[in-house]
Structures are given as structure tokens and as C-alpha cells.
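Everything on this sheet refers to the single structure shown next.
The values are calculated or read from the model by the stated rules, or taken from the named source; none is laboratory data. Bear in mind that the values here come from a model prediction, so they are computed numbers and not experimental data. Note that each Cβ is placed from the backbone with ideal geometry, even for glycine, and that neighbours are counted across all protein chains shown. Only protein heavy atoms, including side chains, enter the accessible area calculation; ligands, DNA and RNA are left aside. Shrake-Rupley method; radii C 1.70, N 1.55, O 1.52, S 1.80 Å.
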Amino acid sequence: MSRGGLVRRYPVFGIRDFRLLLADRLIAPASVGFSMVGVSFAVLKATNSATDLSYVLAAQIAPALVFALIGGVAADRFPPQRVIVAANVLMAVGEGTFGVLALTGRPPLWAMLGLEAITGTGVAIFYPASQALLPRIVPSALLQEASAISRLVMNTGQMSGAALAGLLVAAAGAGWALVLCGIGMLTTVPLLLAIRGSRPGTAAGGPARTPASEAAEAPGPSLLTELREGWSEFRSHTWLWVIVAQFGVVLMAWYGAFAVLGPVVAREHLGGPAAWGAITAADAFGLIAGGFAALRFTPRRPMLFVVLTGGAIAISPLSLAMVLPLPAVCLASFGLGVFIEMMMVQWTVTMARNIPPDKLARVSSYDVLGSVMAMPLGALIAGPLGTAIGISRAQYAAAAVIIIASALALIPRDIRTIRSTDAVMPPPVEEQAAEEQAAEEQAAEEQAVALETAPR
């Protein structure tokens, strides 16, 4: 298909900033794929302990308890792409240094904990900025299309990275996978800096803020004031906080049973790093298939679809607890990935359509905080619990917790009655190219006036 035909079929490809964002969302997730495989097997090689792996992965998640909120405020105050640059640099430093230590010797536990905390800080500030960026560069009429394509590219990158990482770790060691993760993250910086986007506080299609209007504005509110505003918006939507609470429990159980104990099962029963890379790649391939489906599929009751998909996440620990053959585990990961991706597109679009643009990053920060705040606990519990009662029993228990939490999330009426047509849509917007041209012309006029009136 020619470029013109592609733009006619998917108009969002005509937006320059969106194309730059897609390049970033191919490279960065591919780098994360190397990290997902590399970290677990680097720790297992250095310590041979599932408990130590629990501690390291908990250190990676723990910074979200603080920095997710700060990242949300920053992404509402400053261009989100700049916040993502800072996040990617932090991840590059954490994983790249970890890789160098793994290649040059046996890194001590304290060093692995500290470096994964640096990586986790980057991950924490990335999510709210990422959620806020897309609505600022894409008109609302194209938001579902843009979200599906963006996530499709992200998952393609992650699948490719995870598959290559599994082979690389098996052949050359986990250190090389982590070094490549760091290099990949750094290569995204020029792409992100080239994105113009809209200014903080405006959505794509809204009026751009000019230097003159910025100068006339009063000083911005304090950090605590902005956090309170975001919290008020967050708790005003029952469907939002109920599902975040559900996923707080679901991800706690899943992270311990799958991300911590999964590599142990892979090493002992399924074939080691290459098998774990195959499972991770199968999940990512399912996400890709789900991305294609999301371009056309819109559930009638999106929040019910989200809750039920959350309950289906129990499939992950169950497939490992039963020690199914590797192809069966990969098939389960693929199928779950399809539904998770369709769920994530619906969640992203619903958030963007129902949350004011100038509060979206802060609300997203409460989303990520509530969803991941218990994940360090899941990671800390999984290793010792697996040692005490057995890996399979711990994974069965995690699956039960996921199902119970999801059943409870069905109680509020909003979850079962909200329909896709109930979303509050922003007013129609003009084409992105016209908006960019108007903003540039206005800036040029102001600069000319300033030059004429300047003292000679």
C-alpha cells in the first residue's frame, strides 16, 4: 500500500508527530522486551534464588508508589514527550549499568536492587506522560484508531525484543540483553525531542497557548493543589476507581505468580531462558493480534469487558501451575494477550474521552499508582511463599485471588450498565495539519510585532 493509500485508509498517519511517536513506540518496547527476559535470568544466575528475584522485581515496582504521582503532575505542566525522555534515560542508565555489571562479574544483590529502582523510577513517570501525550497530538475523532495503531506497534516491538532476548540470553548471557535495552532506550531520545505536540493544558484541536498568553497567566498552583485536583477528578468516576482497585489486586497476584515464579517454572520444567522468551513473545504476539481486532471491535459495555478480561488474567498463573507443555502455555499467553490488548485500547480511549485533557496525566498517575501499588507486595510474597508451600500451590492461590477480586468488581451498577455510546465526546476538531499551520503563523506574527516594537 502506498503512503497516500495508507493515509486515506488511516488518516492518523498523516500527522507528523504521530509518525514520530510510532517510531519511539517501536524501539522503546523492543528494548523493554530485552529487559523483561534479561533481568530475571541475570538475577537467577547471580543468586540462584527465587526470593532474591522477588526482592529485585519489587525494587523495580516500588518507585511507582511515589514517582507515578510526580510524573502525572509533570506531564500536565510540561510537554509529556519531555517527561518520557527523562523516563527513557533513567531506564537506559538502570538496565545498561546492570548489564555491564552482569558481563563483568557477579553483581551483588544491593547493586541489582538499586539499579532496578532507577529503572522503576523511569517506568513510573513514563505511564502518565504516555497517556497524556497521544490526545495532545491526535484529534479526538481519530483517537481510537491512533490508540489501536500505537499499541499495535508497541506490542510488535515488545514481541520482537522478547523473542530475540530469549535467544540472546540462552546463547550469550543476560548481560548483553540488558546492555542492548539501555542502548535502545537512548536511541529514542532524538525522536521524542522532535515531537512538537500541543502545549500543556491543551488537547489536540484546542487553542494553542502563545508566549503572550503564557506571560499573562498567574503563577501555577502548587504540587499538592494539583494532586488534590487530580484526586477529586479520579474519585468522581465510580467505574474508574472500582476498576483500578480491582487491578491493584489482580496485578499483585499476577506479578508474583507469573513475573516472579514464572521464570523459575521455565528454568525447571520448560527449557530455561529460551522457553521464557517464547512465552513472553507469545503474549506480545497476542497483543498484536488484539491490536488489529481493536481497530474494528468496540464492546457495547466497555467497562464490563475490562472487568471480565481482568478476571481472565488468572489463566497466566494457572497454565504455569499445571505445568502445561510449552506450546500450551504459549497458546494461553497468546489468547490472553488478544483480550488484554482490546481491553487496554478501550480503557485508554474511555479515559481520554471522559477526563479533561488538563487533568488526564494526573488522573492516569492515580490509575497507575492504584494498579501497581500492591505489586511490590506480590513480588515480596511470591518467592518465600513458593519456597514454603511449593511453586504450583502459590500460583493456584494467585489465580483464586484474581477471580475473587474480579467478581467483586462486578457489584457496582456502573460497571455493568455503561455503554460505549455513553462516553462524553469532546467537541469536533480541525485537522492536525491546519492546527499546526495556524499555530506557526500566529507565533510568526507575534515575533514580527515584537521585533517592530523592540527598542533600536
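Considering only residues in segment 280-292 that are among the aliphatic types (A, V, I, L, M) and at pLDDT 85 or above, the one that is nearest to Ala328 (Cα to Cα) turns out to be Ala282.
Of all the listed residues (Arg19, Arg9, Arg77), the sole one being in contact (Cβ under 8 Å) with a residue 24 or more places away in the chain and among the charged types (D, E, K, R) is Arg77.
The requirement of being of a type in the set (Ser, Thr, Tyr), part of a helix (DSSP H, G or I) and under 19 Å from the mean Cα position of the chain (by Cα) is satisfied by Ser371.
Of the listed requirements (1) surrounded by fewer than 18 Cβ atoms within 10 Å (Cβ to Cβ); (2) touching a residue at least 24 places away in the same chain (Cβ under 8 Å); (3) of a type outside the set (S, T, N, Q), Leu26 misses just one: (1).
Scanning segment 37-55 for residues that are buried (at least 24 other Cβ atoms within 10 Å of the Cβ) and under 17 Å from Leu178 (Cα atoms) yields Val37, Gly38, Val39, Ser40, Phe41, Ala42, Val43, Leu53. Mind telling me which of the residues Arg296, Arg300 ends up being touching a Lys or Arg at 6+ places or on another chain (Cβ under 7 Å), at pLDDT below 85, closer than 29 Å to Ala352 by Cβ and assigned to a loop (DSSP other than H, G, I, E, B)? Of the residues listed, the single one that is touching a Lys or Arg at 6+ places or on another chain (Cβ under 7 Å), at pLDDT below 85, closer than 29 Å to Ala352 by Cβ and assigned to a loop (DSSP other than H, G, I, E, B) is Arg300. Residues that are more than 27 Å from Met322 (Cα to Cα) and open to solvent by 30 Å² or more (accessible area, probe 1.4 Å) within segment 263-307 comprise Phe292, Ala293, Leu295, Arg296, Phe297, Thr298, Arg300, Arg301, Leu304, listed in sequence order.
Among the conditions (1) open to solvent by 10 Å² or more (accessible area, probe 1.4 Å); (2) among the aliphatic types (A, V, I, L, M); (3) under 13 Å from Phe258 (Cβ atoms), the only one that Ala399 does not satisfy is (1). The residue of segment 375-384 that is nearest to Ser54 (Cα to Cα), among those that are of a type in the set (A, V, I, L, M) and buried (at least 24 other Cβ atoms within 10 Å of the Cβ), is Ala379. Filtering Leu69, Leu65 for residues that are surrounded by fewer than 20 Cβ atoms within 10 Å (Cβ to Cβ) and under 16 Å from the mean Cα position of the chain (by Cα) leaves a single hit, Leu65. Taken over segment 17-53, the criterion of being closer than 23 Å to Ala278 by Cβ and at pLDDT below 80 is satisfied by Ala50 alone. Candidates Leu380, Leu410: the one that is touching a Ser or Thr at 6+ places or on another chain (Cβ under 6 Å) and of a type outside the set (Gly, Ala, Ser) is Leu380.
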